[in-house]
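Everything on this sheet refers to the single structure shown next.
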Amino acid sequence: MALIVQKYGGSSVGDIERVRKVAQRVIEAKEEGNQVVVIVSAMAGETDRLIGLADQITEMPNGREYDVLVSTGEQVAVALVAMALESQGHPARSFLGSQIRITTDGAFTRARILGVDTERILKELEKGTIAVIAGFQGIDGEGNITTLGRGGSDTTAVAVAAALKADYCEIYTDVEGIYTTNPAICPEAKKLSKISYEEMLEMASLGAKVLQSRSLEFAMKHRVPIHVKSSFSKGEGTWVMEEDEQMEDVVVSGITYDKGEAKITITKVPDKPGVASKIFSAVSEANIVVDMIIQNISAEGYTDVTFTIPQTDLNKALEVVRKVSQEIDAGEVRSDSNIAKVSVVGVGMRSHSGIAARTFSALAKEGINIMMISTSEIKLSCVIEAKYTELAVQVLHEAFELGKTKR
Ligand code: ADP
Ligand code: ASP
Ligand code: MG
């Protein structure tokens, strides 16, 4: 008998028929002798709909009210799943994040989970009741509802699994597992049977939204094995787990892309100590996370600085940067949202050379210009024009022969 946390994403509970199917799957796992705790996301499209409502009221909604609004999608879904379980003869109870006491910090719209109180869940398990818990939401120290950022139900699931010391966490979604790249834009994408925490964390941070990146931070820290699989078919999906020796034999395990960033360039920045610190302190004080940064070689005491930030923060960032650039006597501030970041990821990159050359030549062959580059031990990212995203992903997928991957 295993203790399993199952998470069902938006498309898995997209309509009432699917809600019934979810209930059947939960019951199957229970009838096989397992203990099951269920985490549910809002029905497909519902979170977007709620955000759309807020957008109609104001461009910059108050974070607290935004979270009260967007967390409601999950409340509907947990109630429906619990009802479906009951109607099929299995006692079930739905719970909101606040009822379980999933505590978070107070950073509305992107809160971090600080703790999960297991008392209530354990009580239900003892009684043989299935606890159906709302994903994506928690409660801060002052009793406010918070949400965990888009895709946050994955993190709820892994955090609950970690707190319960569950045997593993199953993530049910609309694809059969984790692929070498997003199968929606690359038909040659191949399903992986396993991937290391570190690689998947990198892939998720670089745009593979099949798992929220924070869920992997939890999984890695608490050693929770994750099994990503389809809620529409049976069969093995992909295990996200500790790295093993075999994994390093594969040089690159996946290609990701992210169209969600924008770049800002400040021209004619005086090249002297303290200037970069002024620019980036101001950006960070505005709570904006900077990703890549490049600075040109100085010419006549001036340099250009370019950096990327989330597109959603562009207006706020421009406001801040224009102000600092005046203070430091720099030139123009320019921005561009028409960019995408494509990345190649793999633990094998630690021990294999030539990845950069292969990446650049594959892009060059298609006439794709590289605007920015960044590397780490297990990834290489290039910023390109957004219109080339799909093409870039496909040629890189081919250049690294990922269609033939053996994992
Ligand atoms: P859910 O609603 O179940 O949480 P998401 O839409 O958040 O589902 O995540 C699943 C989607 O992630 C897939 O439909 C797929 O298009 C996308 N995706 C992106 N990269 C990958 C990848 N490498 N492997 C699998 N799916 C991916
Ligand atoms: N419903 C939330 C979202 O759409 C959380 C999730 O799906 O994981 O982002
Ligand atoms: Mg998701």
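A few comments on the model shown:
- Residue match in the range 292-311 (condition: closer than 27 Å to Ser253 by Cα and either in a loop (DSSP other than H, G, I, E, B) or among the charged types (D, E, K, R) (or both)): yes
- Inter-residue pairs, beta-carbon under 7 Å, first under 12 Å from Val344 (Cα atoms) and modelled with pLDDT of 95 or more and in the range 382-407, second of a type in the set (S, T, N, Q) and part of a helix (DSSP H, G or I), 6+ apart: Cys382/Thr359; Leu396/Thr359
- Residues of the range 82-135 that are small (Gly, Ala, Ser) and surrounded by fewer than 18 Cβ atoms within 10 Å (Cβ to Cβ): Ser87, Gly89, Gly106, Ala107, Gly115, Gly128.
- All positions within the range 190-223 that are closer than 15 Å to Val250 by Cα and charged (D, E, K, R): Lys190, Lys191, Lys194, Glu198, Glu199
- Count of the range 205-227 residues which are crowded, with 24+ Cβ neighbours inside 10 Å, under 14 Å from the mean Cα position of the chain (by Cα), within 14 Å of ligand 1 (Cβ to nearest atom) and not in a loop (DSSP other than H, G, I, E, B): 2
- Members of the range 238-261 that are surrounded by 22 or more Cβ atoms within 10 Å (Cβ to Cβ), of a type in the set (A, V, I, L, M) and more than 24 Å from Arg223 (Cβ to Cβ): Val252, Ile255
- Residue satisfying all of: in the range 149-175; among the charged types (D, E, K, R) and more than 10 Å from ligand 1 (Cβ to nearest atom); farthest from Met241 (Cα to Cα) among these: Lys165
- Flag for Val395 being surrounded by 14 or more Cβ atoms within 10 Å (Cβ to Cβ), part of a helix (DSSP H, G or I), in contact with a Lys or Arg (Cβ under 8 Å, 6 or more places away or on another chain) and hydrophobic (A, V, I, L, M, F, W, C): yes
- The set of residues in the range 1-34 being away from ligand 1 (no atom under 16 Å from the Cβ) and buried (at least 19 other Cβ atoms within 10 Å of the Cβ) consists of Ile4, Ala23.
- Test: residue in the range 135-153 that is hydroxyl-bearing (Ser, Thr, Tyr), at pLDDT 95 or above and over 23 Å from the mean Cα position of the chain (by Cα): no
- From the list Phe95, Phe136, the one residue that fits, being within 14 Å of ligand 1 (Cβ to nearest atom), of a type outside the set (Asp, Glu) and touching a residue at least 24 places away in the same chain (Cβ under 8 Å), is Phe136.
The values are calculated or read from the model by the stated rules, or taken from the named source; none is laboratory data. The structure presented is a predicted model; accordingly, all values stated were derived computationally and were not measured. Glycine gets a Cβ as well: all are built from the backbone with ideal geometry, and neighbour counts include every protein chain shown.
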